Amino acid sequence: MRLVLDTNVIVAAFRSPSGASARLVEAALDRRVQLLCSTALLLEYEAVLMRADHVMAARLTATEMQDALRTLADISEPVEIERRLRPAARDPDDDMVVEAAVNGGAQALVTFEIRTFRTALANRPIEVMTPAEAWRKVK
């Protein structure tokens, strides 16, 4: 399954290692799912995850978080943004998530903001689902 993970899912994966978000990242590490990520989205992950509160909640050092981000980049299929879709969502930060999903040929976009992304992807063959829904499909 080809997935784009919204930033809130990545944060949840690091803050709650036993949750569905973390299980999706583990499935990507095991190559059971393929994560898709554009450069802009990866930079967004980094900007958010490197905040002191997220690093501390993940019980990692800043160096360990950087290493985890590198691993995330290594296991993700790079998505080149050939087609801009702005504005696709109400929040401009969400546009990069939509663009990664569309340009990468994602089967699903995983997020906690279901309504936002279902509206943005209304005419696209990309499922929008929560981490728990995605995990049920993967396991």
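In the chain, the calculated helix contribution to ellipticity at 222 nm averages -16500 deg cm²/dmol per residue, counting -39,500 (n - 2.57) for every DSSP H run with n ≥ 4.
A value for percent of Cα pairs over 21 Å apart was derived from the coordinates, and within the list [x] 36; [y] 43; [z] 50 it appears as [x].
Inter-part distance, the stretch 44-79 to the stretch 91-134, computed on C-alpha centroids, equals 21 Å.
Since every read-out is calculated from the coordinates, none of them should be taken as a lab result. Computed from a predicted model, the values in this text were never measured in an experiment.
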